[in-house]
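The values are calculated or read from the model by the stated rules, or taken from the named source; none is laboratory data. This is a predicted model, so every value here is computed, not measured. Cβ coordinates were reconstructed from backbone atoms using ideal geometry, including for glycine residues, and neighbour counts include every protein chain displayed. Quick note on the areas: whole protein, heavy atoms, side chains included, nothing else; ligands and nucleic acids left out. Shrake-Rupley method; radii C 1.70, N 1.55, O 1.52, S 1.80 Å.
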Amino acid sequence: MPFIELSLRVRAEDEARAERALMDIGALSVTLLDADAETPNERAVLEPGVGETPLWPQITLVALFPGDAVPELVLHTLEAFDEGLDLSDAQFREVADQDWERAWMDQYEPLKFGARTWIVPWNMEAPAEAEGGVIVRLDPGLAFGSGTHPTTSLCLQWLDGLDLRGKAVLDYGCGSGILALAALKLGAARAVGVDNDPQALAASADNAQRNGVGERLAVYAPEDEPDARYPVVVANILASALDALAPRLADRVETGGLIALSGILQGQEQELLQRYRQWFEALEVATEGDWVRISGRRR
Ligand SMILES: C[S@@+](CC[C@H](N)C(=O)[O-])C[C@H]1O[C@@H](n2cnc3c(N)ncnc32)[C@H](O)[C@@H]1O
């Protein structure tokens with residue numbers, strides 16, 4: 001049966017209530033897209049309700065309804081449900097019955113980060129230019145981390161510039177596992193992925209198998225994470241989480257070890273620099289679009 005798809009642009013602060021209203025009036029699923037992405041390749045996609053908060057100022061909510069849903073009635077019900085929602089740019093279209101949640105992957109292309117790291121969708125050939133480079137084959141599934149978001153890109157570029165050979169790497173907030181897998185492909189001996197979303201842990205483990213490094217990646221929920229120290233730690237979460245997790249993340253980095261933090265919007269970095277300065281030196285800031293990466297060395 002075909003589905004009816006409703007696209008609705010909302011401000012980030014209205015996302016949660018709009019999503020709740022859509023689910024309450026019978027949406028089968030709701031997906032979030034970065035409304036300001038100019039090309040399909042920049043569109044990070046994210047399934048709400050799995051422990052993730054969107055990172056974009058304007059969000060397009062894409063809700064899927066059964067094929068017999070009547071668009072006018074859907075809008076009317078939504079309006080009655082939450083009078084405050086702006087429905088002026090609501091758009092409907094019919095979508096064919098397919099593996100809808102994954103349809104966006106069709107628009108996802110191989111991408112290069114730094115000097116040698118390539119992220120290639122699992123169902124595509126690596127391009128000729130990738131020969132001799134480091135190739136990570138990825139199926140983000142429903143987890144965040146396809147490489148299309150600037151925060152992921154900033155972290156991939158950072159990893160690409162390190163000599164990871166033989167090292168252990170912690171990827172805190174691993175999502176699809178993209179950063180841990182890149183680290184392994186770049187020569188890390190082993191990696192640990194931590195995420196509070198079970199779907200992310202499953203996606204990371206699947207992607208590790210897909211890349212032939214399943215034996216070298218261990219994934220954990222935060223409460224099960226081993227109390228260990230690593231020479232390299234990367235955490236692409238939100239600024240608020242980086243703030244709350246600061247003592248734990250600092251504790252995970254061995255003396256002289258390196259950390260990169262992202263998921264930080266421009267304007268939020270000063271507070272985090274201040275917070276992390278008590279444990280880290282040689283702090284550096286890099287930006288891509290509206291996003292910031294902080295890196296440093298553990299004292
Ligand atoms: C922005 S995504 C990053 C995914 C991937 N590492 C990347 O760079 O694309 C953040 C991830 O952190 C996870 N996360 C958010 N808060 C967390 C927390 N307090 N503890 C562990 N994981 C968390 C989310 O579930 C999500 O998978």
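Ranked by the mean number of other Cβ atoms within 10 Å per residue, highest first, peptides 185-192, 83-90, 274-281, 241-248 order as 185-192, 241-248, 274-281, 83-90. Measuring only protein heavy atoms, the 1.4 Å probe finds E288 accessible over about 60 Å². Placing +1 on the Cβ of every Lys and Arg and -1 on the Cβ of every Asp and Glu, with nothing else charged, gives region 143-299 a dipole about its Cα centre of roughly 500 debye.
Per the Kirkwood formula applied to alpha carbons, region 147-259 shows a radius of gyration over Rh ratio, Rg over Rh, of 0.92. Leaving out ligands, DNA and RNA, and with a 1.4 Å probe, what % of the accessible surface on region 198-266 is carbon or sulfur? Of all accessible area on region 198-266, carbon and sulfur atoms account for 49 percent. Take S176: with every protein chain present and a 1.4 Å probe, its accessible area is about 0 Å². Remark: region 177-194, residue by residue, has Karplus-estimated 3J(HN,Hα) of x, 3, 6, 4, 5, 4, 4, 5, 5, 7, x, 4, 6, 7, 9, 10, x, 10 Hz, where x stands for each Gly or Pro and the curve is 6.51 cos²θ - 1.76 cosθ + 1.60 at θ = phi - 60°. Placing L217, L164, L75 in order of accessible area, with the largest value first and a 1.4 Å probe, yields L75, L217, L164. Rounded to whole numbers, the Karplus 3J(HN,Hα) couplings from phi for region 73-90 are 5, 4, 5, 4, 5, 5, 4, 5, 6, 9, 5, x, 6, 8, 9, 4, 9, 4 Hz, using 6.51 cos²θ - 1.76 cosθ + 1.60 with θ = phi - 60°, and x at Gly and Pro.
Computed over protein heavy atoms with a 1.4 Å probe, the accessible surface of region 193-267 works out to 42 Å² per residue.
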